[in-house]
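Report on the following structure.
The numbers here are math on the coordinates, done by the rules we state, and not lab data. Since the structure is predicted, the reported quantities are computational estimates derived from the model, not experimental observations. Positions of Cβ are backbone-derived with ideal geometry, glycine not excepted, and every protein chain shown enters the neighbour counts.
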Amino acid sequence: MKGAYEMAHGALDLIQPHEPWDHCASAGFPAPISNPFPKPVIENRCVNLERNELSEWVEHVTKQLIDDLPDTETHDSLQTDTRMVYGDNNIVPSLLDDHFRPKKSMRRSYFDGNGEELQWSHELGEHQASISEKEGSARSSMSRIDENGLNLITLLLECAVAISVDNLGEAHRMLLELTQMASPYGPSSTAERVVAYFSKAMGSRVINSWLGICSPLINHKSVHSAFQVFNNVSPFIKFAHFTSNQAILEAFQRRDSVHIIDLDIMQGLQWPALFHILATRIEGPPQVRMTGMGSSMEVLVETGKQLSNFARRLGLPFEFHPIAKKFGEIDVSMVPLRRGETLAVHWLQHSLYDATGPDWKTLRLLEALAPRVITLVEQDISHGGSFLDRFVGSLHYYSTLFDSLGAYLHCDDPGRHRIEHCLLYREINNILAIGGPARSGEDKFRHWRSELAKNSFMQVAMSGNSMAQAQLILNMFPPAHGYNLVQGDGTLRLGWKDTSLFTASAWTSRASR
């Protein structure tokens, strides 16, 4: 195994930022570094730092809003785990429950349909002074955002409240105003770009409410192209691939017949790395079978050809089985299982589209398969709850992602725009305009880790080698870019500044075959 690590590590320096995916295999498992747990050092050397603190400002405003709520027994339920791994003093609530609703006000007025004048009582103008007095760092953050950006966010928040009470007419009026004020190409601030995309998604929400549900067509080519650009310019996708591959490799140790089920394989970017290590095992390569799930048979067939050709060049026995259906909508009999093989399920979650179908059906099928390992990479954002819950959570989450891109990519960088338009906007739109129990007919699990733990699965702690893989990925990016890696509770979390964005974990079935 040591030789395989060294071989992979030696080829890491040959990777170019925009090489095709099938040349990246040798970068899959670099050798563990001497100190796999260095404390990340964040330096303020980002090229656009002065204009990219929107997420920090949104965070402080959200905290102020929650602090102003009446004390109730359910107040603690508003706090999510988006930042709890970074210290108890930094927990920032990003969801709102039924106790937070529009209240009467003398300012901007709109009606809930019954003639009663409503207004979000926590106006930004009423609290900016108190925020500055209570939070010194908030004063610094707000000073970095221009007045136009503050006005845009204020209007966006008011529009979200109008939508939450089904006052679609007033919401539509505010959206018209927002679309005239904010552009996704805005060079002045990250706030303008975020507001532009959120406004577009909320406009789709209003139209869908008038005309009925509308699921946009998926342009797989543009999505996959943007996904690859995102993989090239940030550590998030590499983090998901490397840590999951390491957990699967450990589960496959001394196994001669293995089977991987990828719940949304896309282009199969991560698997050549694993194939390389399996093909060079001291005990010899195993028989590898892979079941790739996806919504496009054309994409699946092409991915299967690419992976098969790569495995053939390595001398790795390999079979690929495409299933062009959502995982939660198939029967266990449709999965080509064989007696004696070791099963792994990989799930890199995203919000680009519904990749798995109903959550409860997905959970039942995972229980029926009883895999030896499930590698789960979750976005640290909830897809469940009311519209206002999802709006506030997603505003903080995607503001952070936009900030992370804007910190070192120029405003007119074509790769940055492709990521924002083809990936981040699509996710925002699906969370706000398409998702939700009122549209899908059912609610999504807030956190899959808790659901797996409550059912037939046990957590497997991410190993020191997984941490080393993640740390090596992070070392490919200068500390000034602001990325953070934290290990705790058996998971690995990657984030930007103090906000956790992706969490990797591994699980095993109690009935593992």
ask   = Mind listing the phi-derived Karplus ³J(HN,Hα) values for the stretch 197-203, rounded to whole Hz, using 6.51, -1.76 and 1.60 with θ = phi - 60°, and x for any glycine or proline?
value = 6, 5, 5, 5, 5, 6, x
inquiry  = Quick check on my link table: of Lys325/Lys361; Lys200/Lys238; Lys238/Lys361, which ones sit more than 25 Å apart, alpha carbon to alpha carbon?
reply    = Lys200/Lys238; Lys238/Lys361
note = Classified through the alpha carbon gyration tensor (a ≥ b ≥ c as square roots of its eigenvalues; rounded if a/c is under 1.5, else prolate when a/b is larger than b/c, else oblate), the stretch 352-426 comes out prolate
key: Volume in Å³ per residue [convex hull over Cα atoms, computed for the stretch 177-289]   = 152 Å³
query = Can you give the three extents of the C-alpha atoms in the stretch 233-277 along their principal axes, from longest to shortest, in whole Å?
reply = 36, 18, 17
message = Just to check I understand the Karplus step: with θ = phi - 60° and J = 6.51 cos²θ - 1.76 cosθ + 1.60, what whole-Hz values come out for the stretch 458-465, glycine and proline as x?
response = 10, 6, 10, 4, 5, 6, x, 5
message = Suppose we look only past 26 Å in the calculated P(r) of the stretch 371-513. What percent of the Cα-Cα pairs does that tail hold?
response = 36 percent
key: Amide hydrogen neighbours beyond the local backbone of Leu501, cut-off 5 Å, H modeled   = Leu494, Gly495, Trp496
task = Give the shape of the stretch 365-409 as rounded, prolate or oblate, defined through the alpha-carbon gyration tensor: a ≥ b ≥ c are the square roots of its eigenvalues, a/c under 1.5 means rounded, and otherwise the shape is prolate if a/b is larger than b/c and oblate if not.
result = oblate
task = Sort the stretch 267-345 into rounded, prolate or oblate with this rule: let a ≥ b ≥ c be the square roots of the eigenvalues of the Cα gyration tensor; rounded if a/c is under 1.5, and if a/c is not under 1.5, prolate when a/b is larger than b/c, oblate otherwise.
result = oblate
ask   = How far apart, in nm, are the 7 Å Cα→Cβ label points at Ala461 and Ala511?
value = 2.9 nm
note = Phi angles of the stretch 340-346, converted by Karplus (6.51 cos²θ - 1.76 cosθ + 1.60, θ = phi - 60°) into ³J(HN,Hα) in whole Hz with x for Gly and Pro, give x, 8, 8, 9, 10, 10, 10
note = Sorted by chain and number, the residues with a modelled amide H under 5 Å from that of Val345, at a separation of 5 or more or across chains, are Ile261, Val373, Ile374, Thr375
